[in-house]
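Let me begin by presenting the structure, written as structure tokens, before commenting on it.
The values are calculated or read from the model by the stated rules, or taken from the named source; none is laboratory data. Everything numeric in this text was worked out from a predicted model, so none of it was measured. Virtual Cβ from ideal backbone geometry, glycine too; neighbours counted across all protein chains shown. Remember, those area values only see protein heavy atoms, side chains included, never the ligands or the DNA or RNA. Shrake-Rupley method; radii C 1.70, N 1.55, O 1.52, S 1.80 Å.
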Amino acid sequence: MLTHLTVLHLGALLCAAGAIWGTFREAHGWLRRWPSLMGAAILVMLAAAHLLLVQFLMEDGVVHKRWVAGVVGGLAVGGLAVGAWRGSRTEVQVDHLWGLMRLPRDRDGLWMSLLCLVIVIFEITSVFVDTMLTQRQHVYVVAIAAGCGGFMMGRLFAILVRARLSPQEDLR
């Protein structure tokens, strides 16, 4: 079973852990610059992409790959829509002069990052236990990770649009 553990698993683990690091400041309402806000969303998407690559490399068959892409893509688009809705409802304070923003103490980004980390750890431990999941169940787990990534990206884009349109506040 150790032969199925790949470098992609390690990359997914590092990306998911980095996403938690990135959302921790946001969850506590600290000041952030918009590029650092993008980091967590990109890392969650990269973790989901690493897990998807593992699925594509471990399984043969074009039909299976199309089915995997359909399930994962559908859940990612659903997560994108829910994240955009959630981000459009988030209150944003922006200092346009210094490029700073403060989000309320919402924990949804942190929860999605934690869920992605749990999924990655679950995938890594399922490599060691042969009877833990079937191949089809692995796809569903990867699809949930893609939904987390879609949520984070949709939320990020909606927050950036709200920040662009929000009035100037002195945050320094």
Lone unmet requirement of (1) farther than 13 Å from Val142 by Cβ; (2) out of contact with any Cys (no Cβ under 6 Å at 6 or more places or on another chain) for His9: (1)
So is Val54 in contact with a Gly (Cβ under 9 Å, 6 or more places away or on another chain), of a type in the set (A, V, I, L, M, F, W, C) and in a helix (DSSP H, G or I) or not? no
Step by step: first the residues of segment 155-172, then only those that are part of a loop (DSSP other than H, G, I, E, B) and either farther than 9 Å from Val94 by Cβ or open to solvent by 100 Å² or more (accessible area, probe 1.4 Å) (or both), then the one that is modelled with the lowest pLDDT. Which residue is that? Arg172
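Do we find that Leu43 is closer than 28 Å to Phe128 by Cβ and surrounded by fewer than 18 Cβ atoms within 10 Å (Cβ to Cβ) in this structure? Steps first, answer last, please.
Details: closer than 28 Å to Phe128 by Cβ: yes; surrounded by fewer than 18 Cβ atoms within 10 Å (Cβ to Cβ): no.
For Leu43, the condition - closer than 28 Å to Phe128 by Cβ and surrounded by fewer than 18 Cβ atoms within 10 Å (Cβ to Cβ) - is not met.
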Of residues in segment 122-152 being closer than 14 Å to Gly74 by Cβ and open to solvent by 30 Å² or more (accessible area, probe 1.4 Å), the one modelled with the lowest pLDDT: Tyr140
Val94, sole failed condition from (1) farther than 28 Å from His4 by Cβ; (2) open to solvent by 60 Å² or more (accessible area, probe 1.4 Å): (2)
